[in-house]
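Below: one structure, written as C-alpha cells.
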Amino acid sequence: MKRRTLLKTAAAGLIGANLPTLTLAMSSAGRGDKEQYDYILTAEHAKARIAADGDSDILGFNGQFPAPVIRAKQGRPLRVMFINKLDEATTVHWHGIRIENSMDGVPYLTQPPVAAGANFLYEFTCPDAGTFWYHPHMNSVEQLGKGLVGALIVEEDTPQDYYDVILGLKDWRLKKDGSYLPLSIPREAFRDGTLGTVATINGQQKPTIDVPAGERLRLRFLNMDSTRVFNLSMRTDAAQIIAIDGSPIATPLPLSVHPTGAGMRLDVGFISPTEIGQEIPIFDMKGRFGVEICRLRIIPPKTKTAIKTGIPALPSNPIPVPDLKSADSLSFVFEWAGAMSPSDAKGKVDHNFWLINRRAWSDHSHQNLPAPLAELTLGKSYIFELHNATPHHHPIHLHGLIFTVLESDKKDITPFHTDTILLEKNERAKIAFVADNPGSWMFHCHVIEHMKTGLMGYITIT
Ligand code: C2O
Ligand code: CU
Ligand code: CU
C-alpha cells in the first residue's frame, strides 16, 4: 500500500500565532470508510530566535519552534511517521491520549528507543476529543527543555462552534545572547524545579495575538513548560473554563484563577468584544497581582457573521465511569528526600530527591526497569489515594487513562476528569478510574526534573 504523505506548513484555522500546522493527506486506502490522518514528523537540531539578542540551538519538531500543531479527529486513525534526526535516541509520547500501550512512546517500557537516524510509525486512534500534546520521553530535561514539545488537537466528532486559538506556554533557560543556562540546577531540582528565564507563548515573548471581533473563542492553553505553574486568569467572568486537561467539564465555569501545572492544559471559552483594536490581557497571577503573559487584540472578522453569544459546554468524552463501591483503594505517598544529604558517601551528587511509596526510579534512563508500583486487574475500578508528603507542589500524571478527581483535603472538588492532578504541598486527594486499558503506564510528576530525580514509576494493567 502506498502511503500518501504530505508535508507542508499552513496556518489552518489559526490566527496571529504564527503556528505551523502539518498538513495531512487523507486517504481511505485500506481503511474502509474511515478518513485517515497522516503526518511526517522529525526531531532535529535547528536554530531559533527566542532570546532578545541572539539565536539559540534548539531541538525542534520539524526543525521548528513552535512545533507543528498536529490535528486529528476523534475516533479516526492518526498516523505519524516519526523520523529521528537527532544524534541521540528519543521517542514521542502522546500526552493525555487513551492510546494503546505499544504507541505510548515510553522507551523500554512500551517500545525500544528510536535510535538516531531511525524511524518509528506511530499509529493510533484518539477516543477523546480535546487539547493534548506530544513530547519525547527520553533525556527529557534536555529534549523538552530545548524545544521538543508540541500541541496535539483532537477535534470533536461533531464540529463545535468555536474559533480555535492555541496558546503554547514554554519558558527557556537562556541568556540574553541566546546561549543556554544550565537546564537543571540540583538545589532547584529538589525544590520546585529550575525555572526558565525567557517566557514564550507560541515561541514569542509576550505576544499580541489577533482574534476576530464578536467571535466565540476557544483559548487552548497548553503548559508545555518543564517546571512552571501558571495561575491563568483573564480577570473577567466572561472567560469560562470549558475543558480541563483535554476533558470537557459538564457546565462551563468562570475562570477566576486556574492553577495549571507543567503538562496541564486549559480550554477557555470567551466571546471576543466587538470593538476593533481593543486589547485583552491574560495573566499569570501571583497572589493578588498578575503578570501579563500575552494579550488578545481584536481585529475585524474575515466574514461578517452574527455576533456570537453564550459559552456552550463541549460534548463529553466516552470515559468509563468507575464503580466506587467495588473499587480497590491503593495508596501512593510522594516523599521528599531533601532532608537527606544530596550527596552520597563519595561526595557525588545523588540525584534521587523524590520517592513514590519509599522508592525512587533510580536509573535515570528507563533501561533497567524497576518493578511496577501497582499491578491492576483489567476492567476493575480503582481509587488511588494520593498523599503529597512534601513541601512542594507536584503535577502528577498518569499515562493511558483519564481519571476522575473525587476529593481533596485542600479544596472543594466538583469531580472532574483529567490526566494530571496538581497536588499542593501536603495535599491529600482521591482519584478514581476504570483500569480498562491494558499495558504498563507511567505514573510520574510532570516537573521534568522531579521525574528525573525519582518521582516516577509505573503501574501495570493485565
Ligand atoms: Cu507528558 Cu509521561 O508525560
Ligand atoms: Cu503522558
Ligand atoms: Cu514534582
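Values in this text are rule-based calculations from the coordinates and carry no lab data. This one's a predicted model, so the numbers in the text were calculated from it and none came from an experiment. A quick note on method: Cβ atoms are made from the backbone with ideal geometry, for glycine too, and the neighbour counts reach across all protein chains shown.
Quick rundown of the values:
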| item | result |
| --- | --- |
| Nitroxide proxy distance, nm - points 7 Å out along Cα→Cβ at D210 and K325 | 5.9 nm |
| Fewest-first sequence of E385, E279 by Cβ atoms within 10 Å of each Cβ | E279, E385 |
| Extension gain from A116 to F289, taking 0.36 nm per residue of separation minus the Cα-Cα distance | 57.7 nm |
| Percent of alpha-carbon pairs separated by more than 20 Å within region 285-342 | 75 percent |
| Cα convex hull of the chain - mean projected area over all directions, nm² | 22.3 nm² |
| Cα convex hull of region 44-144, projected area averaged across orientations, nm² | 6.6 nm² |
| Ratio Rg/Rh, restricted to region 248-319 and using Cα atoms, in which Rh is the Kirkwood radius | 1.00 |
| Radius 11 Å from Cβ of N426, net charge of other residues (Lys, Arg +1; Asp, Glu -1) | 0 |
| FRET efficiency for R49 and E188, using Cβ-Cβ distance with R0 set to 25 Å, rounded to 0.05 | 0.45 |
| Fewest-first sequence of C126, C445 by Cβ atoms within 10 Å of each Cβ | C126, C445 |
| 222 nm mean residue ellipticity, helices alone, for the chain (DSSP H n ≥ 4; -39,500 (n - 2.57); rounded to 500) | -500 deg cm²/dmol |
| Contour minus Cα-Cα distance for V333 and K425 (0.36 nm per residue) | 31.9 nm |
| With eigenvalues of the C-alpha gyration tensor scaled by 5 and rooted, region 123-251, Å | 29, 19, 14 |
| Chain lengthening between L378 and A306 when straightened (0.36 nm per residue, less Cα-Cα) | 21.0 nm |
| Ordering of 70-81, 449-460 by burial proxy (mean other Cβ atoms within 10 Å per residue, highest first) | 449-460, 70-81 |
| Reduced Cα scattering model of region 415-462, Debye log10 I(q)/I(0), q = 0.24 Å⁻¹ | -1.12 |
| Cut-off 10 Å between beta-carbons: net charge of the residues surrounding S247, Lys and Arg +1, Asp and Glu -1 | -3 |
| Footprinting exposure proxy for D55, D419 (fewest neighbouring C-beta atoms within 10 Å first) | D55, D419 |
| Inter-label distance for T414 and A313, nm, one decimal - labels placed 7 Å from Cα along Cα-to-Cβ | 0.9 nm |
| Directionally averaged shadow of region 42-93, computed from the convex hull of its alpha-carbon atoms, nm² | 4.5 nm² |
| Cut-off 14 Å between beta-carbons: net charge of the residues surrounding L406, Lys and Arg +1, Asp and Glu -1 | -1 |
